[in-house]
Amino acid sequence: MPLLCVSELTMRFGGLTAVDALSFDARAGDITAVIGPNGAGKTTVFNCITGFYRATSGKIALSHDGGDFELSGMPGHIITRRAKVARTFQNIRLFSGMTVLENLLVAQHNFAMPNVARGLLSVFGLGGYRGLEAQALERAKLWLDAVQLTARADEPAGSLPYGAQRRLEIARAMCTRPVLLCLDEPAAGLNPRESDELSALLIRIRAEGTAILLIEHDMGVVMRISDHVVVLDHGRKISDGTAEYIRNDPHVIAAYLGEGDEGLDDDAAEVAA
Amino acid sequence: MTARVRSPLVTALRDAGISGLVALGLFAAMVGLQTNVTNTGKMELVPNFGVVGLLVAVTMVFRFALVLWRQTRGIPVISLKPSRFAGSGRLVAPLLLLAALTLPIYGGRYWIDVGILVMTYVMLGWGLNIVVGLAGLLDLGYVAFYAVGAYSYALLAQNFDLGFWTCLPLAGLLAAFWGVLLGFPVLRLRGDYLAIVTLAFGEIIRVVILNWTELTGGPNGISGIPRPTFFGLTFNVGGGPGSFADFFGLEPSITHRVAFLYYVIFGLALLTNWVSMRLRRLPLGRAWEALREDEIACRALGINVTVTKLTAFAIGAAFGGFAGAFFATRQAFISPESFTFIESAIVLAIVVLGGLGSQLGVALAAVVMIGGGELVREFNEYRMLIFGVALVVVMVTRPRGLVSGRTPSVSLGQSKLISADMTSQGHG
């Protein structure tokens, strides 16, 4: 039973079909990469999975120890809170005026404040918030350490260098204690050394039991760490398999290098036949 | 701050000296010179430097003791040298508090009245600061909650014969309820649209009050609203049994009531400040600030944006309601005229002028805008002009308000002030 099962997912914006009857699986404990040329619909798939878009049709099923969830049509914050899917953004979205530590604490909002009544009681020191706050702080320190930001914990997130902001966003997403982490181009804008560090971080996250869904253009990172790669082009899946398999798939090469349309159609006909 | 190590006594003495100088500068003008009207009707200045000396001495002794105590406890002493204006909150805030606390002692009836007015706006400013400064939701109709609070108390007192202290929480609750009610339809709106809808809400409340004559008395308002009591003791001007003056064996004086009202609003304002400062350090307040910084990221982190916005609206509104109930009991008469849009505009101006999210800035702005407005009252028609020019000057020179910058709500090591350029002002 896969962790995430996307079936026949379609997303239309007016006349534009951004995602067209897409089906793929992501297994628990795997790093699943979603790749494809610009405009292939990768981020749209992410937005459907994380509740930012409501899919036109299709199903997104998630099942883990906590239960089975149908993500399409579920409000975004519930997807993170109950279905335990966390995400980062292509253009970094940190709380730039809050410190690095505060960013990590906001991510644990639902753990530190299980409901509004307890949140209000904590004004008067009731509702056991002290213990919850201490736990949240411990977890934040753990992740600060994991992304080497302990020394900068008290600086505003907006003042960090770009690479550190990327790492912080991943740490923040991990502070929501997800079972599936969706990363939208985490290596964009990183130098080779930072990309290597990122790969190590993602492998560590996988080792700790969180599955990763990864959109990435940096093929070095994708090929090195992915257990499974899904290739999209124009909203459709054109290939699906191990990194080794898709590297040699003519459809993928065609999509990336822009082979003539006729050739592609011929290939498609061959596959169909 | 210097690198040299001084003996604790020297450091404490030095610090006390600087505090004394600052206190002297502040109190010399505020307390030292009193205006009196002579028999011939002229104004004269009466020097009152004895009290100034006393206040300065008290400040110095307290600072000396505090610094000494902190050093023996090993708590780092923050240097009093006013290096940057933004960092001076530690110094200005206690002095402002002291000046406010002792106002009824050195100020006359007139100044206590001005103090009550200023405190009311400080409280409103702090209440609105929760919505605008922390949660980043631009609310142009804050006066609606002020009106709900005032009319709640007035109507409950008239129809059910309830006292001020019973009605105060009820007024807050009712205002919070209306805050949630307003919150629901506007949750999806941002920026300009939110501002327009809240503006309309403020006007709707006023127009309803104006036209629902059977309940609210319409344009005639409600009069004879009961005054607050001090643990059951009244403040009758004539004295008599059960009155404050009688119980304490004092000469009945109207000043007692005014001073009492002053301390009531002072306490309410401090409560507002305490609750909002505390909330800032709790998950709820942190979520508000996160909401101001980036709403989409909040959703991605599993924060229920709807509930978070509603709590900000409700809590901000509750404090507006408290202030409204106080306004009703102070005036003993309310009418829809007191709740026009200009009130919302003034409170918002106080928050923006003071610096979004800054408690000290809001208090300073209220003192400057309301107290300063009283000072230039003699210029009559030029008052608004002076006011406008002053606002423009402040906004040009300090675009993020008098006190900008944000103090982190939690820190592992030394907490540093975050520059206002970093923080977002919210998108509505």
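On the protein heavy atoms, probe 1.4 angstrom, tell me the percent of accessible surface of the stretch A:97-230 carried by carbon and sulfur. Intermediate values should be presented prior to the final figure.
Working: 2640 of 4650 Å².
Carbon plus sulfur share of accessible area: 57 percent.
Any chance you could run the full-extension gain for B:GLU214 through B:PHE49? It's 0.36 nm times the residue separation minus the Cα-Cα distance, nm to one decimal.
Values: separation 165, 0.36 × 165 = 59.40 nm, distance 5.56 nm.
Full extension of this stretch gives 53.8 nm more.
Going by the alpha-carbon gyration tensor, a ≥ b ≥ c the square roots of its eigenvalues, is chain B rounded (a/c under 1.5) or, if a/c is not under 1.5, prolate (a/b greater than b/c) versus oblate? Here chain B falls in the oblate category. Available extension along the chain between A:SER23 and A:ARG224 is 70.0 nm, counting 0.36 nm per residue and deducting the alpha carbon span. Here's the list of lysines a cross-link from A:LYS59 could span, going by alpha-carbon distance under 19 Å and ignoring same-chain residues fewer than 8 apart: A:LYS42, A:LYS84, A:LYS237. Return the lysines within reach of B:LYS416: Cα separation strictly under 26 angstrom, same-chain partners fewer than 8 residues apart disregarded; answer none if there are no such residues. Excluding near neighbours in sequence, the set is A:LYS141, B:LYS81.
Which FRET efficiency value, to the nearest 0.05, is calculated for B:ARG188 and A:GLU244 with the Förster distance at 51 angstrom and r the Cβ-Cβ distance?
Working: r = 48 Å, r/R0 = 0.93.
That pair, B:ARG188 with A:GLU244, gives E of 0.60.
To the nearest 20 debye, what is the magnitude of the charge dipole of the protein assembly as shown about its Cα centre, counting +1 on the Cβ of each Lys and Arg and -1 on the Cβ of each Asp and Glu?
Working: 56 positive and 54 negative charges, 641 e Å.
The dipole of the protein assembly as shown has a size of about 3080 debye.
Once the partner protein chains are put back, the stretch A:81-126 shows a loss of at least 50 square angstrom of accessible area, versus the chain by itself, at A:ARG93, A:PHE95, A:GLY97, A:MET98, A:GLU102, A:VAL106, A:HIS109, A:VAL116, A:VAL123 (probe 1.4 Å, ligands and nucleic acids excluded). Which residue fluctuates most in the GNM of chain A (Cα springs below 10 Å): A:THR32, A:THR80, A:THR17? Evaluated over chain A, the most mobile residue of the options is A:THR17.
Ellipticity at 222 nm from helices only: DSSP H runs of n ≥ 4 in the protein assembly as shown, each -39500 (n - 2.57), divided by the residue count, give -17000 deg cm²/dmol. Counting only heavy atoms of the protein chains and using a 1.4 Å probe, B:SER404 has close to 30 Å² of accessible surface. Rounded to the nearest 100 Å², what is the buried accessible area between A and B, both sides summed, probe 1.4 Å? What A and B bury together is about 3500 Å². Applying 0.36 nm per residue to the separation of B:PHE62 and B:MET395 and subtracting their alpha-carbon distance, the gain on full extension is 116.3 nm. Relative contact order of chain A, taken over Cα pairs closer than 8 Å and 6 or more residues apart, is 25 percent.
Per residue, the accessible area of the protein assembly as shown comes to 45 Å², computed with a 1.4 Å probe over protein heavy atoms only. Here's the picture: a label point sits 7 Å out from the Cα of B:SER419 along the beta-carbon direction, and within the stretch A:125-162 the residues with their amide nitrogen under 20 Å of it are A:152-162.
Take each residue in B:148-157, count the other chain C-beta atoms within 10 Å of its C-beta, and the mean is 0. Once C-alpha pairs closer than 8 Å and six or more residues apart are averaged by separation and normalised to the residue number of the stretch B:104-397, the relative contact order reads 37 percent.
Each residue, B:ILE296 and B:LYS42, gets one label point 7 Å from its Cα in the Cβ direction; the gap between the two is 7.1 nm. Heavy-atom accessible surface of A:MET74, to the nearest 10 Å², is about 40 Å², with a 1.4 Å probe and all protein chains retained.
Simple rule: put +1 on each Lys or Arg Cβ and -1 on each Asp or Glu Cβ in the protein assembly as shown, find the dipole, and look at B:GLY316, A:ILE170, A:GLY235; the Cα lying farthest toward the positive end is B:GLY316.
Of the peptides A:251-257, B:140-146, the order by per-residue mean of other Cβ atoms within 10 Å, starting with the highest, comes out as B:140-146, A:251-257.
When the accessible area of the stretch B:100-212 is computed with all protein chains present and a 1.4 Å probe, what percentage of it is carbon and sulfur? Here carbon and sulfur together make up 73 percent of the probe-accessible area.
Backbone phi angles across the stretch A:144-159, fed through the Karplus curve with coefficients 6.51, -1.76 and 1.60 (θ = phi - 60°), yield HN-Hα couplings of 4, 5, 5, 9, 6, 10, 4, 5, 10, 4, 9, 8, x, 4, x, 8 Hz in residue order; Gly and Pro are listed as x.
The values are calculated or read from the model by the stated rules, or taken from the named source; none is laboratory data. Since we're looking at a predicted model, the values are computed, not measured. Neighbour counts run over all protein chains shown; Cβ positions are idealised from the backbone, glycine included. Note: accessible area is taken over every heavy atom of the protein model, side chains too, but ligands, DNA and RNA are not part of it. Shrake-Rupley method; radii C 1.70, N 1.55, O 1.52, S 1.80 Å.
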